[in-house]
Structure formats: C-alpha cells, structure tokens
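Nothing in this text is a laboratory measurement; each read-out follows from the coordinates by a stated rule. Keep in mind it's a predicted model, so treat the numbers as computed, not measured. Here Cβ is always computed from backbone atoms with ideal geometry, including for glycine, and neighbour counts include all displayed protein chains.
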Amino acid sequence: MSQQIVDIASAELNYAETGDNNTKFGAWYGLNNQPWCAIFTSWCYDKAGLVDKVAAQGKKGFASCNTGLQWFVKKNKLVPLGEAQAGDIVFFQFDDDAEPDHVGIIVKNMKGIKALRTIEGNTSADNKGSQSNGGGVYQKKRPYATVMAVVRP
C-alpha cells in the first residue's frame, strides 16, 4: 500500500494549478478553487482504491487539515514521528496557532537529519513561496520541527 500511494503522488509532481486554486483535484472532490493539500492527499488514496482509509469528511476523503487530523486522532491512527514511513500522512504546523496548516504524503523518513521527504499538493517549489497554499505538487524536505502529527491510515 505505502509504495503505491507514493507512486501515485509522484506521478503528479510539478502539476500546477491554473488560476486561484483551480485544479483537477478540487474538481474531482467537488470543491474547486479552495486550498487543496488535503484534497490532493485524498485523491492519491482514492486512486489507490483506499479512500475509505481517509474518509474523514465523506466518501472522497477530507478537504480540511483540521477535520482530517481530528478524525485520524479519534480513529487512533497517530504514529510516532520516528516511526513515520512511506505512504503515511503528515500534518504540518507552520505558524504556531495549534491547528494544522498543511498536509502531505511521506516518501521517506530521514531520521539521521531529523527530516521527512514528502510529496505535497498546494505548496511552492522552493522555500520562498507559500508552503501551505503555493499552487503545485512538489517534493519537499521538511524538518521534524514543522511536523504536527503523522498518521497511518
């Protein structure tokens, strides 16, 4: 399962939205022109035939990071950061407001440097643009310090 999710997400690398959050992922979910990091994550699980594992808001998964994380917590799906592995879902905190700001799919846990390699929708290609509403699907290296939670659906 885990490699299948990573492969599906990888096939979308460098996908870019057209206009303000206009994406094929949002159109699929039925909530286009909205922040779409959670929708992208749900879409990847759907393509793998595993959308029921992320059905926090309905049959197509989740569109809200906060709602998704709360659902996974209630389902007892949290895993320790040190045990994160490919295919797990990671929620990020960038602004210290106690709510998740962004979500992505883990490609690799780089324990030696305390970082995760991820694939994320609706982020920027570099560190200069918005990390939580950036406009494309990109591979990122995120330090453990930005991680709010890891879940294994």
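Here are a few things to note about the model shown:
- Taking Ile113, Ile39, Ile89 in turn, the Gaussian network model of the chain (Cα-Cα springs below 10 Å) assigns the largest fluctuation to Ile113.
- Extended-chain gain in nm, criterion 0.36 nm per residue less alpha-carbon gap, Asp96 and Leu78: 4.5 nm
- Listed pairs Lys60/Lys114; Lys75/Lys108; Lys111/Lys140 exceeding 27 Å between Cα atoms: Lys60/Lys114
- When you restrict to C-alpha pairs under 8 Å that are six or more residues apart and normalise by the size of the chain, the relative contact order lands at 25 percent.
- Computed from label points 7 Å out along Cα-Cβ, the spacing between Arg117 and Ser10 is 0.9 nm.
- Ranking of Glu12, Glu99, Glu83, Glu120 by count of other Cβ atoms within 10 Å, fewest first: Glu83, Glu99, Glu12, Glu120
- The aspartates and glutamates within cross-link reach of Lys59, meaning a Cα-to-Cα straight distance under 16 Å and a gap of 8 or more places when in the same chain, are Asp46.
- Placing a label point 7 Å from the Cα of Lys141 along the Cα-to-Cβ line, the residues of segment 81-116 whose backbone N sits under 15 Å from it are 107-116.
- Charge sum, other residues only, whose C-beta stays under 9 Å from Ile119's C-beta, Lys/Arg counted +1 and Asp/Glu -1: 0
- When the chain is treated as a GNM with alpha-carbon contacts under 10 Å, the residue of Asn127, Asn66, Asn21 showing the greatest mean-square fluctuation is Asn127.
- Theoretical FRET efficiency, 1/(1+(r/R0)^6), r = Cβ-Cβ of Asn22 and Lys128, R0 22 Å, to 0.05: 0.50
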